[in-house]
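The values are calculated or read from the model by the stated rules, or taken from the named source; none is laboratory data. Computed from a predicted model, the values in this text were never measured in an experiment. Here the Cβ positions follow ideal geometry from the backbone for every residue, glycine too, while neighbour counts run over all protein chains shown. Keep in mind that these areas ignore ligands, DNA and RNA; they rest on the heavy atoms of the full protein, side chains included. Shrake-Rupley method; radii C 1.70, N 1.55, O 1.52, S 1.80 Å.
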Amino acid sequence: MGTLSENKKAALLSVLLLLVGLFVWEISIPAQKAAEALTEYERLTGVGAPKAGVPPPSQVIVKAWEQLSNPFYDAGPNDKGIGIQIGYSIYRVLVGYFFAALIAIPLGFLIGMSRVAYKALNPFIQVLRPISPLAWMPLALFIIQDSEASAIFVIFICSIWPMLINTAFGVAGVREDWVNVARTHELGPLRTAFTVILPAAAPTIVTGMRISIGIAWLVIVAAEMLVGGTGIGYYVWNEWNNLDLTSVIFSILMIGVVGMLLDAALGLLQRRVAYVE
């Protein structure tokens, strides 16, 4: 172990913790009484019928294999593969996230570069920012009258604030000396923003984008439970209504994996835009 690098030691420890956790989970779930082991009286009265319970990890692994071996099947409105459901959710997240970035980043630049704009807009931001995204859902459904667009709007409204605030903070934090040098060289406002302020503020902006994508993925699951139809959130709710806890746990794990991949993608971008003075 002394010759292993820090990353390899961390990976081995993660695998060990996973195996221990799965083992404890497996042995802690009592075995269901097999149907053929029931007496005739129990079968007739239903007294000994198996009840819904938390499945062991072995069942979840089998379910994962079944689902991931054919993730894009489509057998009707209420029977679609996990790949299709995740695809719908990612589409909604990315559309809402894109429109949020389209507004938040330019507006954040304005707030960060202008004290007047900051003082004028800050009260509105502080009032709207704490509102739960799901609180907007009834109003969105009433006004937009489309569940798909309403879900995208909820993603938009929850994604905009971290990007807006981080952009304003990053722009306001750019050293005044650099802006003065740009003015000395008679650079216009747009050129100063793109060549001086944006590179320096980029790490902070991307941090806000990274926070936003995590919140967006978190919210879309809850939003799809409300609007129904398609998506990983609807899949979880539908399987819960069917009392299929194995599928529920499998979908929860898939939500975590997709969220981790989205965060990793923004983390990679964050490392690429690191600014060195």
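Structure above, values below:
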item	result
Alpha-carbon spread of the stretch 194-235, three principal axes, descending order, Å	47, 14, 11
Leu139 accessible area, assembled protein chains, probe 1.4 Å, Å²	90 Å²
Burial ranking of peptide ranges 6-16, 248-258, 196-206 (average Cβ count within 10 Å, highest at the top)	196-206, 248-258, 6-16
Pairs of alpha carbons in the stretch 109-246 whose separation is greater than 19 Å (percent)	62 percent
The chain: Rg to Rh, with Rh as the Kirkwood radius over Cα pairs	1.11
Highest to lowest packing among 159-167, 113-121, scored as the average C-beta count within 10 Å	159-167, 113-121
Other-chain or far-sequence residues with amide H under 5 Å of Arg129's (modelled H)	none
In Å, descending, principal axis extents of the Cα set of the stretch 54-176	59, 37, 27
Highest-first arrangement of 79-90, 211-222, 125-136, where packing means the average Cβ count within 10 Å	211-222, 79-90, 125-136
Estimated [θ] at 222 nm from DSSP helical runs (n ≥ 4, -39500 (n - 2.57)) normalised by residues in the chain, nearest 500	-24500 deg cm²/dmol
Lys pairs, the chain - Cα-Cα below 28 angstrom, 8 or more residues apart or on other chains	5
Residue-level accessible surface for Thr3, protein heavy atoms, 1.4 Å, Å²	140 Å²
